[in-house]
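Worksheet for the structure shown next.
The values are calculated or read from the model by the stated rules, or taken from the named source; none is laboratory data. Computed from a predicted structure; not experimentally measured. As a convention, Cβ positions derive from the backbone with ideal geometry for all residues, glycine included, and neighbour counts pool all protein chains shown.
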Amino acid sequence: MGTRWTCPGPSLLVLFYYGHLLPWLRTEGDQSSDDFYNETMAKIFLQYYENTTRVVWNRFMEASWNYVTNINQQNLEEMLLKDMERSQHMLFFGTQARLFKIARFQDPVVKRMLSKLQNIDKAALPKDELREYNKLLAYMETMYSTAQVCMNEGPCLPLQRDIEEVMATSRDQKELLWAWQGWRDAVGPQVRMTFERYVQLSNKAAKLNGYEDMGALWQSTYKSDTLEQDLEHLYQELQPLYLNLHAYMRRALHRHYGPELIDLRGPIPAHLLGNMWAQSWVNILDLVLPFPKKPLDDITRNMKVQHWKPEKMFIEAENFYTSLGLLSTPPDFWRKSMMERLADGREVECHASAWDFYNGQDFRIKKCTEVTIEDLFSIFHQMGHIQYFLQYKNLSVIFRAGANPAFEEAVGLVITLSVFSHKHLLNKGLLSHQHQDSEEEVNFLMGIALDKIAFIPFAYLMDLSRWKVFDGTIQKDVYNQEWWRGPLACAPPIPRTEEDFDPAAKFHISASMPYLRYFLSLVLQFQFHEALCKATGHMGLLHRCDIYNSKMAGKLLEDVLKLGSSKPWPEVLEKITGETKVSAKAIMTYSKLLNWLVTENVQQWEILGWPDFSCYFEEKETDKVTFLSLELDPNQVNFGQWVLLALSFVMFLVALLLACRLHSLEKRSPAQDTSVQDISTLEIPPKAYFLGIAMEPRQAVKRWSCWASNNRKPLWMKAEWWSWD
Ligand SMILES: *[C@@H]1O[C@H](CO)[C@@H](O)[C@H](O)[C@H]1NC(C)=O
Ligand SMILES: *[C@@H]1O[C@H](CO)[C@@H](O)[C@H](O)[C@H]1NC(C)=O
Ligand SMILES: *[C@@H]1O[C@H](CO)[C@@H](O)[C@H](O)[C@H]1NC(C)=O
Ligand SMILES: *[C@@H]1O[C@H](CO)[C@@H](O)[C@H](O)[C@H]1NC(C)=O
Ligand SMILES: [Zn+2]
């Protein structure tokens with residue numbers, strides 16, 4: 001690799017772009033120079049930063065884009081090179097920024113800019129380790145993006161759209177288990193190899209920035225001393241909604257799958273909820289509809305009947321934003337975005353994302369669009385990011401970000417709340433019913449709840465557990481175990497071991513992206529929605545509001561988006577909602593469904609939560625190939641561990657700990673039976689069809705060995721290629 005990695009040093013870079021040295025470069029090393037007391041000098045410094053950053057970041061974005069839309073070795077190396085350049089640049093300016101005596105300056109903008117520059121994230125690492133870290137990050141993300149689940153002697157399927165489709169549409173628990181486990185087997189072990197090193201290097205970078213660990217650095221984005229308490233408070237407020245929804249779902253799934261799979265006092269097996277991560281349950285709405293005689297329109301079907309195309313979906317999204325008087329996207333957006341999975345054989349990363357190229361005219365979306373209502377919403381969401389980019393593009397690059405990361409997410413989400421209203425979908429010709437009666441309305445609200453309310457614990461606990469990994473509370477030998485205690489309030493359908501690494505099956509973990517933004521924006525979108533609907537003059541129930549065409553709502557939003565991150569976020573929040581705190585009030589107002597759920601659950605004598613369930617975790621001694629012949633040993637269940645944890649956690653977490661314990665002792669025997677049964681079915685496969693291919697689905701559970709021996713991938717995409725020294 002040698003020479004590919006030699007990067008121009010910072011001063012070289014600067015020379016390269018601008019051909020002249022500014023005074024403080026000469027004083028580099030002389031930290032007591034008067035220049036660092038001089039505010040005029042600070043302003044010139046910032047201008048200089050501005051001019052160079054546009055170039056350096058643009059080059060990096062371009063290289064990243066090339067890589068994720070055309071995954072190959074050459075593009076990877078190019079991206080790593082540009083990432084190094086960007087880090088060098090950041091390191092140079094960050095180090096300088098720290099020397100200025102900010103406390104003595106008058107201009108609050110200069111002070112805010114300089115203090116933002118001081119956090120240089122991973123660029124603080126020594127060069128060798130930075131190189132290793134970048135490569136490791138790229139490795140983890142690439143492993144996720146290119147992983148496939150292979151069928152027994154059949155083809156291998158990517159997550160998007162094939163495996164996700166199985167999770168969304170199959171109602172056969174064996175098929176679901178195949179997909180659920182196959183995906184985790186395809187990603188987990190690959191990422192686990194490097195995860196520990198990733199945690200080490202992340203923490204080292206955080207320390208060099210003056211933080212305790214990477215979790216603390218992530219939290220610092222929100223500039224709040226009460227962040228953890230505030231989050232917990234929000235979570236507590238939302239708990240009744242979630243627990244009632246959970247109990248209702250459990251009853252409905254019990255009706256469908258029967259008592260062998262669903263225990264009415266226990267957690268729900270995670271593979272039955274219509275989503276790979278059980279983070280949204282909306283795909284199984286048909287199984288749990290409160291009033292099944294009044295099914296909701298199948299919007300995806302209507303879209304297909306009307307011959308919608310991916311591009312039309314983007315145009316619809318664009319129309320909505322411009323109807324509010326907001327900005328339209330520049331022509332390049334339509335030319336350069338990747339709206340569909342490319343058909344030319346390129347390997348691409350399909351996870352949807354929006355891109356700002358930092359030159360004020362180039363903005364793109366990358367998405368493997370399918371014509372579904374889900375993807376339509378996802379496009380509205382991504383267009384929200386683009387709108388933010390467009391609105392703050394005239395600000396300094398330092399302020400080109402959301403007021404906080406949750407604001408960035410909330411923009412698109414608040415728009416989708418309007419789009420999903422009955423009124424709007426009717427106007428778009430996607431519904432056949434003119435009116436919603438009260439029962440249809442409950443069905444509709446159930447759909448919303450399955451998307452939003454079901455997401456609450458997942459969104460909240462995802463970073464809570466990562467913060468614990470970073471601060472060492474969760475050690476590497478219990479990563480997987482603690483994951484199941486943490487983020488999900490439902491249980492893994494089969495025993496998991498420390499050879500598995502289930503967190504990596506989620507993009508944001510493999511791609512090292514903070515997740516708290518999604519929890520906060522979940523709440524924030526309703527707060528925004530309420531404020532925008534008020535500006536529109538909407539009267540009546542919140543879920544009936546559609547802000548389409550409202551210039552008043554648009555103006556309110558615009559004024560906020562234009563600010564980027566130039567003002568503290570509580571100020572920005574106040575501008576739009578009149579409040580300075582994120583509050584669960586609006587989401588509770590919107591969720592009229594709670595009353596209905598409570599009544600329903602009381603009638604059924606439902607038990608909220610899973611009070612007498614306890615987790616167990618399987619220590620596995622055998623190797624992967626004999627995975628199905630698990631021996632379950634009760635002595636290995638370590639109750640002491642959870643007791644200790646429970647003591648250290650606050651009370652509400654205790655409930656979740658209990659929740660996540662997979663099976664109680666009494667539940668264990670059925671699980672064992674399943675395993676034993678599976679071995680026999682492996683020997684004499686019954687005839688079954690799966691995705692059109694004759695096979696015994698459960699057999700595919702062994703497929704991780706298929707992944708390892710599968711030679712379809714070029715060598716560089718396999719672990720062996722990425723040497724870590
Ligand atoms: C600050 O720097 C500027 C530009 O070099 C110079 O004109 C000015 O006199 C300096 N101010 C002080 C207080 O040193
Ligand atoms: C930055 O660019 C602007 C516009 O191109 C120019 O006017 C300014 O002098 C540049 N500043 C520095 C410090 O290079
Ligand atoms: C993909 O990247 C390779 C290597 O950089 C390049 O040669 C090829 O033209 C790219 N493919 C497309 C379709 O851009
Ligand atoms: C950015 O500045 C240009 C030129 O001054 C102006 O035309 C445009 O409206 C501004 N854009 C925004 C979003 O403020
Ligand atoms: Zn987003």
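The conditions of being part of a helix (DSSP H, G or I) and within 16 Å of ligand 2 (Cβ to nearest atom) are met by Glu50. Looking at Ser115, Ser202, Ser145, which one is over 22 Å from the mean Cα position of the chain (by Cα) and of a type in the set (Ser, Thr, Tyr)? Sole residue among the options that is over 22 Å from the mean Cα position of the chain (by Cα) and of a type in the set (Ser, Thr, Tyr): Ser115.
Inside region 67-109, can you point out the residues that are assigned to a helix (DSSP H, G or I), aliphatic (A, V, I, L, M) and either surrounded by fewer than 18 Cβ atoms within 10 Å (Cβ to Cβ) or away from ligand 2 (no atom under 16 Å from the Cβ) (or both)?
Pass one, region 67-109, residues assigned to a helix (DSSP H, G or I): 67-68, 73-99, 102-104, 108-109.
Still in the list and also aliphatic (A, V, I, L, M): 68, 76, 79-81, 84, 90-91, 97, 99, 102-103, 109.
Of everything in region 67-109, those that are assigned to a helix (DSSP H, G or I), aliphatic (A, V, I, L, M) and either surrounded by fewer than 18 Cβ atoms within 10 Å (Cβ to Cβ) or away from ligand 2 (no atom under 16 Å from the Cβ) (or both) turn out to be Val68, Leu76, Met79, Leu80, Leu81, Met84, Met90, Leu91, Leu99, Ile102, Ala103, Val109.
So, in region 239-277, exactly how many residues are of a type in the set (Phe, Trp, Tyr), under 24 Å from the mean Cα position of the chain (by Cα) and under 20 Å from Val442 (Cα atoms)? Give the derivation first.
The first filter runs over region 239-277 and keeps only residues of a type in the set (Phe, Trp, Tyr), leaving 242, 248, 257, 277.
Remaining after also requiring under 24 Å from the mean Cα position of the chain (by Cα): 242, 277.
Still in the running and under 20 Å from Val442 (Cα atoms): 242.
So the count comes out to 1.
Among the residues of region 359-377, those that are closer than 15 Å to Glu62 by Cβ and surrounded by fewer than 21 Cβ atoms within 10 Å (Cβ to Cβ) comprise Asn359, Gly360, Gln361, Asp362, Lys366.
Taking region 508-526 as the range and being more than 21 Å from Leu450 (Cβ to Cβ) and crowded, with 22+ Cβ neighbours inside 10 Å as the test, the residues that pass are Ile509, Ser510, Leu516, Arg517.
For every residue, the table says whether it meets (1) closer than 24 Å to Gly609 by Cα; (2) free of Cβ contacts under 8 Å to residues at least 12 places away in the same chain; (3) of a type in the set (Gly, Ala, Ser); (4) in contact with a helix residue (DSSP H, G or I) (Cβ under 6 Å, 6 or more places away or on another chain).
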| site | (1), (2), (3), (4) |
| --- | --- |
| Asp477 | no, no, no, no |
| Glu499 | no, no, no, no |
| Val523 | yes, no, no, yes |
| Gln527 | no, no, no, yes |
| Ala531 | no, no, yes, yes |
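Selection over region 164-195 of residues that are within 28 Å of Pro259 (Cβ to Cβ) and touching a residue at least 24 places away in the same chain (Cβ under 8 Å) gives a count of 18. I'd like to verify a number: residues in region 426-449 that are more than 27 Å from the chain's Cα centre (by Cα) and aliphatic (A, V, I, L, M), how many? Summing the residues that are more than 27 Å from the chain's Cα centre (by Cα) and aliphatic (A, V, I, L, M) in region 426-449 gives 4. Among helices (runs of 4 or more DSSP H) entirely within region 139-236, having at least 2 residues that are within 24 Å of Asp375 (Cα to Cα) and either modelled with pLDDT under 95 or not basic (Lys, Arg) (or both) singles out 164-169, 173-208. Take region 248-269 and flag every residue that is surrounded by fewer than 22 Cβ atoms within 10 Å (Cβ to Cβ) and either hydrophobic (A, V, I, L, M, F, W, C) or assigned to a loop (DSSP other than H, G, I, E, B) (or both). Correct list: Ala252, Leu253, Gly258, Pro259, Glu260, Leu261, Ile262, Asp263, Leu264, Arg265. For region 329-358, a residue qualifies if it is surrounded by fewer than 18 Cβ atoms within 10 Å (Cβ to Cβ), among the aromatic types (Phe, Trp, Tyr) and within 16 Å of ligand 4 (Cβ to nearest atom), but none of them does.
Number of residues in region 449-477 that are buried (at least 20 other Cβ atoms within 10 Å of the Cβ) and not in a helix (DSSP H, G or I): the value is 3.
Residue under question is Leu395, and the condition is that it be more than 14 Å from ligand 5 (Cβ to nearest atom) and crowded, with 21+ Cβ neighbours inside 10 Å; does it hold? Before you say what the answer is, go through the steps one by one.
On the way: more than 14 Å from ligand 5 (Cβ to nearest atom): yes; crowded, with 21+ Cβ neighbours inside 10 Å: no.
It is false that Leu395 is more than 14 Å from ligand 5 (Cβ to nearest atom) and crowded, with 21+ Cβ neighbours inside 10 Å.
Just the residues that are buried (at least 16 other Cβ atoms within 10 Å of the Cβ) and not β-branched (Val, Ile, Thr), please, taken from region 218-229. Don't jump to the end; show me each part of the working.
The first filter runs over region 218-229 and keeps only residues buried (at least 16 other Cβ atoms within 10 Å of the Cβ), leaving 218-219, 221-222, 224.
Selection gives Trp218, Gln219, Tyr222, Ser224.
Looking at region 47-94, which of the residues that are under 18 Å from Thr142 (Cβ atoms) and among the aromatic types (Phe, Trp, Tyr) is farthest from ligand 1 (Cβ to nearest atom)? Only one residue fits best here, namely Tyr67. Within this structure, Phe389 passes the test of being within 16 Å of ligand 4 (Cβ to nearest atom) and out of contact with any Ser or Thr (no Cβ under 9 Å at 6 or more places or on another chain).
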